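Since the structure comes first, as structure tokens, the remarks are kept for the end.
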Amino acid sequence: MQNATVPTLTGLAPVLDAGVRILVLGSFPGAASLAAGQYYAHPRNQFWRLISSVVDDDLAALPYIERLPRLLAHGIGLWDVLGECERVGSLDSAIRKPAANDFDRLRELCPLLETVGFNGQASGKFASQFAAAAYRTVVLPSSSPAHMAMSFEQKLDVWSRLRGDEQRG
């Protein structure tokens, strides 16, 4: 299999609606997420625990099919910076031939969008482009099981910055 051609992988559809105020962008779904057709499907990925704490609603306890509408009800959308790439395994460092998603229609699709959070350093490389488009940006520590340099509590401290002013007023 080492000599086999690496297939081009296609990411997951965006989870967006007109009420999204916060968009969390990952880099590209891992193998477990692609296989399941679900964002952050790896059981050790901390995304659902982190976002549950941010919105004070235990989304992690819900079946996946119920998580997405509930996440949107909190004004939070999901997507990835890359729509396609070649990769073996799940590590961002293994990504080859990346192709960015088309974000040109984002203002039309999500007119209330104010904050874009980047789940990890790989997606965080796109932060300046979103900041230039006048979005508030927050580069977050990765929720990936490959990024365990920080405790859950340390990650949550940064992830809580997603809330910004909309949760205080």
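The values are calculated or read from the model by the stated rules, or taken from the named source; none is laboratory data. Just so you know, these numbers come straight off a predicted model, no measurement behind them. Here Cβ is always computed from backbone atoms with ideal geometry, including for glycine, and neighbour counts include all displayed protein chains. For the accessible areas, the whole protein counts, side chains as well, though only heavy atoms, and no ligand, DNA or RNA atoms are used. Shrake-Rupley method; radii C 1.70, N 1.55, O 1.52, S 1.80 Å.
A compact table of results
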{"quantity": "Accessible area, probe 1.4 Å, largest first, for residues 56, 80", "calculated": "56, 80"}
{"quantity": "Accessible solvent surface per residue of segment 11-163, calculated while the other protein chains remain in place, 1.4 angstrom probe, Å²", "calculated": "48 Å²"}
{"quantity": "Max mean-square fluctuation residue, GNM over the chain, Cα-Cα springs under 10 Å, options 155, 125, 97", "calculated": "97"}
{"quantity": "Given charges at beta-carbon only (K, R positive; D, E negative), |dipole| of the chain in Debye", "calculated": "280 debye"}
{"quantity": "Relative contact order (%) - segment 5-137, alpha-carbon pairs under 8 angstrom, separation at least six", "calculated": "37 percent"}
{"quantity": "Share of carbon and sulfur in the accessible heavy-atom surface of the chain [1.4 Å probe, %]", "calculated": "52 percent"}
{"quantity": "Choice from 43, 14, 98 showing the highest fluctuation, given a GNM over the chain with Cα pairs closer than 10 Å", "calculated": "43"}
{"quantity": "The chain: antiparallel DSSP beta bridges as a percent of all, rounded to 5", "calculated": "35 percent"}
{"quantity": "Furthest towards positive pole of dipole, 32, 7, 113, structure part the chain, Cβ charges", "calculated": "7"}
{"quantity": "Net charge of neighbours whose Cβ lies under 12 Å from the Cβ of residue 137, counting Lys and Arg as +1 and Asp and Glu as -1", "calculated": "+2"}
{"quantity": "Relative contact order for segment 88-169, counting Cα pairs under 8 Å that sit 6 or more residues apart, in percent", "calculated": "24 percent"}
{"quantity": "Top of 158, 55, 116 by mean-square fluctuation, Gaussian network on the chain, Cα under 10 Å", "calculated": "158"}
{"quantity": "Whether segment 35-88 is rounded, prolate or oblate, judged on the alpha carbon gyration tensor where a/c under 1.5 counts as rounded", "calculated": "prolate"}
